[in-house]
Amino acid sequence: MPDTVLPKSIGDLPAQAPANPESEAQSRARFFNTGNAFNVILPPVPDMAFTEEPTQALSSQTPTGLIACDISDQLECPFPATSPFVLAYYGKIKAGETLNTDFVSTGVIGYVIQGSGSVVCGDETVNWGQGDLFVLPGGYAHTYTANSEDAVVWLVTNEPQLSFENLQAPAPGTAPTGVVHYSAAEIDRQIGIIDSVGRDESSPGSALIFSSDSNEASRNALPTLTVAMNYLPPGITQRPHRHNSVAVSLVIKGENCFSTIDGKRKDWAPWCTTITPPVSIHSHSNHGDEQAMFLIIQDGGLYYHGRTMGFEFLEQPEPK
Ligand SMILES: [Fe+2]
(Lines give C-alpha, C1' and ligand atoms only; values in the text may rest on other atoms or scores of the structure.)
Protein backbone atom coordinates (compact mmCIF):
# COMPACT_ATOMS: atom_id res chain seq x y z
CA MET A 1 0.00 0.00 0.00
CA PRO A 2 1.27 3.53 -0.74
CA ASP A 3 2.15 5.55 2.35
CA THR A 4 0.35 8.68 1.06
CA VAL A 5 -3.40 9.29 1.49
CA LEU A 6 -5.23 8.53 -1.74
CA PRO A 7 -7.77 11.10 -3.03
CA LYS A 8 -11.46 10.19 -2.86
CA SER A 9 -11.85 10.11 -6.63
CA ILE A 10 -9.61 9.36 -9.59
CA GLY A 11 -10.70 12.79 -10.84
CA ASP A 12 -8.64 14.37 -8.04
CA LEU A 13 -5.43 12.60 -9.02
CA PRO A 14 -2.73 14.81 -10.56
CA ALA A 15 -0.91 13.70 -13.70
CA GLN A 16 1.02 10.54 -12.94
CA ALA A 17 4.63 9.90 -13.94
CA PRO A 18 6.56 6.62 -14.03
CA ALA A 19 7.98 5.58 -10.65
CA ASN A 20 11.26 4.20 -11.91
CA PRO A 21 11.95 5.35 -15.46
CA GLU A 22 14.80 3.47 -17.06
CA SER A 23 15.30 5.89 -19.94
CA GLU A 24 14.67 9.48 -20.98
CA ALA A 25 11.82 8.22 -23.15
CA GLN A 26 10.17 6.44 -20.21
CA SER A 27 10.61 9.53 -18.04
CA ARG A 28 8.55 11.56 -20.50
CA ALA A 29 5.44 9.41 -20.00
CA ARG A 30 2.42 10.92 -18.19
CA PHE A 31 -0.81 9.18 -17.22
CA PHE A 32 -4.37 10.49 -16.84
CA ASN A 33 -7.66 8.69 -16.33
CA THR A 34 -11.34 8.97 -17.16
CA GLY A 35 -11.87 11.25 -14.16
CA ASN A 36 -9.20 13.87 -14.83
CA ALA A 37 -8.41 13.70 -18.56
CA PHE A 38 -11.55 15.32 -19.96
CA ASN A 39 -11.93 18.36 -17.72
CA VAL A 40 -9.79 20.78 -19.72
CA ILE A 41 -12.03 23.84 -19.98
CA LEU A 42 -11.28 26.04 -22.98
CA PRO A 43 -12.83 29.50 -23.34
CA PRO A 44 -15.68 29.49 -25.88
CA VAL A 45 -15.26 31.13 -29.28
CA PRO A 46 -16.91 34.55 -28.81
CA ASP A 47 -19.65 35.95 -31.10
CA MET A 48 -17.73 39.14 -31.73
CA ALA A 49 -17.20 41.67 -34.50
CA PHE A 50 -13.88 43.32 -35.31
CA THR A 51 -14.67 46.97 -36.13
CA GLU A 52 -11.50 48.86 -35.12
CA GLU A 53 -9.31 46.80 -37.44
CA PRO A 54 -11.15 47.79 -40.67
CA THR A 55 -11.38 51.42 -39.49
CA GLN A 56 -7.63 51.41 -39.00
CA ALA A 57 -6.97 49.65 -42.32
CA LEU A 58 -9.13 52.13 -44.25
CA SER A 59 -7.58 55.21 -42.61
CA SER A 60 -5.27 57.19 -44.89
CA GLN A 61 -2.94 57.58 -41.89
CA THR A 62 -2.26 53.86 -41.63
CA PRO A 63 1.02 52.66 -43.15
CA THR A 64 1.49 49.56 -45.28
CA GLY A 65 1.23 46.42 -43.16
CA LEU A 66 -0.97 43.66 -41.77
CA ILE A 67 -3.62 44.21 -39.08
CA ALA A 68 -4.56 40.88 -37.51
CA CYS A 69 -7.96 40.06 -36.04
CA ASP A 70 -6.20 38.29 -33.22
CA ILE A 71 -8.07 37.13 -30.10
CA SER A 72 -5.55 34.51 -29.05
CA ASP A 73 -5.60 35.98 -25.50
CA GLN A 74 -9.37 35.43 -25.23
CA LEU A 75 -9.08 31.97 -26.72
CA GLU A 76 -6.07 31.16 -24.47
CA CYS A 77 -4.35 30.09 -27.63
CA PRO A 78 -0.52 30.25 -27.81
CA PHE A 79 -0.50 31.52 -31.40
CA PRO A 80 -2.41 34.31 -33.21
CA ALA A 81 -5.96 33.26 -34.07
CA THR A 82 -9.35 34.69 -34.98
CA SER A 83 -10.89 31.31 -34.29
CA PRO A 84 -9.11 28.09 -33.29
CA PHE A 85 -8.19 27.19 -36.90
CA VAL A 86 -8.59 30.47 -38.83
CA LEU A 87 -6.76 33.81 -38.80
CA ALA A 88 -8.05 36.92 -40.61
CA TYR A 89 -6.12 40.09 -41.40
CA TYR A 90 -6.65 43.40 -43.10
CA GLY A 91 -3.70 44.02 -45.41
CA LYS A 92 -3.03 47.73 -46.05
CA ILE A 93 -0.92 48.66 -49.05
CA LYS A 94 -0.25 52.34 -49.57
CA ALA A 95 -0.35 53.64 -53.15
CA GLY A 96 2.68 52.43 -55.07
CA GLU A 97 4.01 50.47 -52.08
CA THR A 98 4.59 46.75 -51.54
CA LEU A 99 3.48 44.38 -48.78
CA ASN A 100 5.27 41.05 -48.37
CA THR A 101 3.62 38.16 -46.57
CA ASP A 102 5.07 34.77 -45.71
CA PHE A 103 2.28 32.90 -43.96
CA VAL A 104 2.84 29.43 -42.52
CA SER A 105 -0.41 28.14 -44.00
CA THR A 106 -1.51 25.81 -46.75
CA GLY A 107 -3.13 28.75 -48.53
CA VAL A 108 -4.51 32.26 -48.33
CA ILE A 109 -7.96 33.58 -49.26
CA GLY A 110 -7.95 37.25 -50.32
CA TYR A 111 -10.79 39.69 -50.99
CA VAL A 112 -10.13 43.20 -52.30
CA ILE A 113 -11.95 45.78 -50.17
CA GLN A 114 -10.44 48.85 -51.77
CA GLY A 115 -8.05 49.78 -54.57
CA SER A 116 -6.30 47.78 -57.23
CA GLY A 117 -2.89 46.21 -57.64
CA SER A 118 -1.13 42.92 -58.06
CA VAL A 119 0.14 39.98 -56.06
CA VAL A 120 3.05 37.79 -57.10
CA CYS A 121 3.11 34.14 -55.99
CA GLY A 122 5.95 32.06 -57.40
CA ASP A 123 5.98 32.64 -61.16
CA GLU A 124 2.33 33.79 -61.32
CA THR A 125 0.86 37.28 -60.93
CA VAL A 126 -2.74 38.15 -60.15
CA ASN A 127 -3.84 41.66 -61.11
CA TRP A 128 -6.73 42.46 -58.80
CA GLY A 129 -9.34 45.17 -58.42
CA GLN A 130 -12.08 46.00 -55.92
CA GLY A 131 -14.45 43.09 -55.34
CA ASP A 132 -12.07 40.43 -56.64
CA LEU A 133 -11.41 37.26 -54.69
CA PHE A 134 -8.32 35.09 -54.98
CA VAL A 135 -6.75 32.00 -53.45
CA LEU A 136 -2.98 31.67 -53.19
CA PRO A 137 -1.06 28.51 -52.29
CA GLY A 138 1.10 28.39 -49.18
CA GLY A 139 4.79 27.62 -49.48
CA TYR A 140 5.58 30.92 -51.18
CA ALA A 141 6.15 34.46 -50.03
CA HIS A 142 3.48 36.69 -51.58
CA THR A 143 4.24 40.22 -52.74
CA TYR A 144 1.34 42.68 -53.00
CA THR A 145 1.76 45.99 -54.79
CA ALA A 146 -0.90 48.71 -54.86
CA ASN A 147 -1.52 50.84 -57.93
CA SER A 148 -1.98 54.61 -57.71
CA GLU A 149 -4.39 54.59 -54.73
CA ASP A 150 -4.23 52.96 -51.31
CA ALA A 151 -5.46 49.37 -51.27
CA VAL A 152 -6.98 47.22 -48.52
CA VAL A 153 -7.23 43.46 -48.88
CA TRP A 154 -8.91 41.03 -46.45
CA LEU A 155 -6.64 38.01 -46.05
CA VAL A 156 -7.60 34.78 -44.31
CA THR A 157 -5.32 31.83 -43.58
CA ASN A 158 -5.37 28.54 -41.72
CA GLU A 159 -2.16 29.40 -39.86
CA PRO A 160 -3.66 28.42 -36.46
CA GLN A 161 -4.45 24.96 -37.84
CA LEU A 162 -0.79 24.44 -38.72
CA SER A 163 0.46 26.09 -35.52
CA PHE A 164 -1.70 23.71 -33.47
CA GLU A 165 0.38 20.78 -34.75
CA ASN A 166 3.62 22.80 -35.05
CA LEU A 167 3.61 22.20 -38.81
CA GLN A 168 5.54 24.12 -41.43
CA ALA A 169 4.21 25.57 -44.68
CA PRO A 170 4.10 23.11 -47.59
CA ALA A 171 7.11 22.98 -49.90
CA PRO A 172 6.68 25.26 -52.93
CA GLY A 173 4.41 23.62 -55.48
CA THR A 174 2.90 21.09 -53.05
CA ALA A 175 0.08 23.16 -51.51
CA PRO A 176 -3.45 21.82 -52.03
CA THR A 177 -4.40 24.66 -54.38
CA GLY A 178 -3.00 26.59 -57.28
CA VAL A 179 -3.32 30.33 -57.76
CA VAL A 180 -7.03 30.99 -58.37
CA HIS A 181 -8.61 34.34 -59.29
CA TYR A 182 -12.35 35.10 -59.20
CA SER A 183 -12.97 38.52 -60.77
CA ALA A 184 -15.73 40.77 -59.39
CA ALA A 185 -17.47 40.65 -62.77
CA GLU A 186 -17.47 36.86 -62.83
CA ILE A 187 -18.72 36.72 -59.22
CA ASP A 188 -21.64 38.98 -60.24
CA ARG A 189 -22.34 36.79 -63.26
CA GLN A 190 -22.36 33.62 -61.16
CA ILE A 191 -24.73 35.17 -58.58
CA GLY A 192 -26.98 36.12 -61.50
CA ILE A 193 -27.08 32.48 -62.59
CA ILE A 194 -28.13 31.34 -59.09
CA ASP A 195 -30.77 34.08 -58.89
CA SER A 196 -32.23 33.19 -62.26
CA VAL A 197 -32.62 29.54 -61.22
CA GLY A 198 -33.86 30.11 -57.64
CA ARG A 199 -33.46 27.78 -54.72
CA ASP A 200 -35.51 25.57 -52.45
CA GLU A 201 -35.95 25.69 -48.68
CA SER A 202 -33.33 23.01 -48.11
CA SER A 203 -30.64 25.71 -48.37
CA PRO A 204 -30.08 28.01 -45.39
CA GLY A 205 -29.60 31.01 -47.69
CA SER A 206 -28.41 32.03 -51.12
CA ALA A 207 -24.68 31.80 -51.56
CA LEU A 208 -22.06 31.40 -54.24
CA ILE A 209 -19.46 28.82 -53.19
CA PHE A 210 -15.89 29.21 -54.45
CA SER A 211 -13.85 26.18 -55.46
CA SER A 212 -11.22 25.43 -58.09
CA ASP A 213 -10.06 22.70 -60.45
CA SER A 214 -7.86 21.12 -57.76
CA ASN A 215 -10.62 21.17 -55.11
CA GLU A 216 -13.65 20.58 -57.28
CA ALA A 217 -14.54 17.23 -55.70
CA SER A 218 -14.78 18.70 -52.19
CA ARG A 219 -16.42 21.99 -53.33
CA ASN A 220 -13.88 23.78 -51.13
CA ALA A 221 -11.27 26.44 -51.78
CA LEU A 222 -8.78 24.65 -49.52
CA PRO A 223 -9.20 21.24 -47.89
CA THR A 224 -10.03 22.96 -44.60
CA LEU A 225 -11.58 26.22 -45.72
CA THR A 226 -14.89 26.76 -47.44
CA VAL A 227 -15.54 30.18 -48.98
CA ALA A 228 -19.01 31.52 -49.75
CA MET A 229 -20.41 34.85 -50.89
CA ASN A 230 -23.76 35.07 -49.12
CA TYR A 231 -26.32 37.58 -50.24
CA LEU A 232 -29.54 38.53 -48.59
CA PRO A 233 -32.35 40.54 -50.20
CA PRO A 234 -34.05 43.34 -48.20
CA GLY A 235 -36.56 42.11 -45.64
CA ILE A 236 -35.17 38.59 -45.55
CA THR A 237 -33.95 36.61 -42.54
CA GLN A 238 -32.02 33.42 -43.14
CA ARG A 239 -33.49 30.26 -41.75
CA PRO A 240 -31.85 29.70 -38.31
CA HIS A 241 -29.40 26.83 -38.26
CA ARG A 242 -26.21 25.63 -36.66
CA HIS A 243 -23.10 23.68 -37.53
CA ASN A 244 -19.88 22.63 -35.90
CA SER A 245 -17.67 24.78 -38.13
CA VAL A 246 -16.89 28.34 -37.14
CA ALA A 247 -17.66 31.16 -39.60
CA VAL A 248 -15.34 34.13 -39.99
CA SER A 249 -17.14 36.64 -42.20
CA LEU A 250 -16.50 39.96 -43.89
CA VAL A 251 -19.44 42.35 -44.19
CA ILE A 252 -19.31 43.73 -47.73
CA LYS A 253 -22.68 45.48 -47.94
CA GLY A 254 -25.26 45.57 -45.19
CA GLU A 255 -27.12 48.69 -44.03
CA ASN A 256 -29.48 47.78 -41.16
CA CYS A 257 -28.32 44.19 -41.12
CA PHE A 258 -27.63 42.05 -38.09
CA SER A 259 -26.92 38.52 -37.04
CA THR A 260 -28.88 36.70 -34.39
CA ILE A 261 -26.65 34.35 -32.45
CA ASP A 262 -28.23 32.21 -29.76
CA GLY A 263 -31.05 34.77 -29.48
CA LYS A 264 -28.74 37.80 -29.21
CA ARG A 265 -28.74 40.52 -31.86
CA LYS A 266 -25.30 41.51 -33.24
CA ASP A 267 -25.38 44.56 -35.53
CA TRP A 268 -23.11 44.71 -38.52
CA ALA A 269 -20.69 47.51 -39.34
CA PRO A 270 -19.12 48.27 -42.72
CA TRP A 271 -16.20 45.97 -43.56
CA CYS A 272 -16.17 44.40 -40.11
CA THR A 273 -15.04 40.83 -39.58
CA THR A 274 -17.51 38.80 -37.56
CA ILE A 275 -17.22 35.47 -35.78
CA THR A 276 -20.15 33.09 -35.71
CA PRO A 277 -19.19 30.62 -32.98
CA PRO A 278 -19.34 26.89 -33.69
CA VAL A 279 -22.61 25.19 -32.66
CA SER A 280 -24.37 28.54 -32.08
CA ILE A 281 -27.90 28.85 -33.48
CA HIS A 282 -27.60 31.69 -35.95
CA SER A 283 -29.29 33.56 -38.75
CA HIS A 284 -28.58 36.78 -40.61
CA SER A 285 -31.25 39.45 -41.23
CA ASN A 286 -31.49 42.31 -43.69
CA HIS A 287 -33.79 45.13 -42.52
CA GLY A 288 -32.30 47.58 -45.02
CA ASP A 289 -33.35 48.61 -48.50
CA GLU A 290 -30.51 47.03 -50.46
CA GLN A 291 -29.25 43.53 -50.97
CA ALA A 292 -26.70 42.63 -48.28
CA MET A 293 -23.53 40.74 -49.09
CA PHE A 294 -21.06 39.03 -46.81
CA LEU A 295 -18.14 36.74 -47.50
CA ILE A 296 -18.06 33.72 -45.21
CA ILE A 297 -15.04 31.57 -44.55
CA GLN A 298 -15.56 28.41 -42.54
CA ASP A 299 -13.26 25.65 -41.37
CA GLY A 300 -15.99 23.37 -42.75
CA GLY A 301 -13.64 21.09 -44.67
CA LEU A 302 -12.31 19.70 -41.39
CA TYR A 303 -15.80 18.75 -40.26
CA TYR A 304 -17.01 17.42 -43.59
CA HIS A 305 -13.94 15.20 -43.76
CA GLY A 306 -14.48 14.07 -40.16
CA ARG A 307 -18.21 13.42 -40.85
CA THR A 308 -18.95 15.78 -37.98
CA MET A 309 -20.44 18.89 -39.62
CA GLY A 310 -23.58 18.65 -37.45
CA PHE A 311 -25.70 20.88 -39.68
CA GLU A 312 -29.32 21.33 -38.64
CA PHE A 313 -32.14 23.84 -38.94
CA LEU A 314 -33.55 25.05 -35.63
CA GLU A 315 -35.91 27.65 -34.24
CA GLN A 316 -34.47 30.44 -32.20
CA PRO A 317 -35.92 33.17 -30.00
CA GLU A 318 -36.60 36.63 -31.41
CA PRO A 319 -33.57 38.90 -31.05
CA LYS A 320 -33.51 41.10 -27.99
FE1 LIG B 1 -24.27 29.13 -40.91
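You will find that of Ser249, Ser259, Ser280, the residue that is part of a loop (DSSP other than H, G, I, E, B) and within 14 Å of the ligand (Cβ to nearest atom) is Ser280 and no other. For segment 307-317, the criterion of being more than 24 Å from Ser72 (Cβ to Cβ) and outside any loop (DSSP other than H, G, I, E, B) is met by at least one residue. Considered as a group, the residues in segment 75-99 that are among the aromatic types (Phe, Trp, Tyr) and assigned to a loop (DSSP other than H, G, I, E, B) include one that is surrounded by the most Cβ atoms within 10 Å (Cβ to Cβ), and that residue is Phe85.
Which one is surrounded by the fewest Cβ atoms within 10 Å (Cβ to Cβ), of the residues in segment 265-277 that are within 16 Å of the ligand (Cβ to nearest atom) and modelled with pLDDT of 95 or more?
Checked segment 265-277; the qualifying residue surrounded by the fewest Cβ atoms within 10 Å (Cβ to Cβ) is Pro277.
So which residues in segment 216-246 are away from the ligand (no atom under 13 Å from the Cβ), in contact with an Asp or Glu (Cβ under 8 Å, 6 or more places away or on another chain) and at pLDDT 95 or above, if there are any at all? Correct list: Thr224, Leu225.
The values are calculated or read from the model by the stated rules, or taken from the named source; none is laboratory data. Just so it is clear, the structure is predicted and the values come from calculations on it, not from any experiment. When we count neighbours, we look across all protein chains shown, and the Cβ atoms used for this are built from the backbone with ideal geometry, even at glycine.
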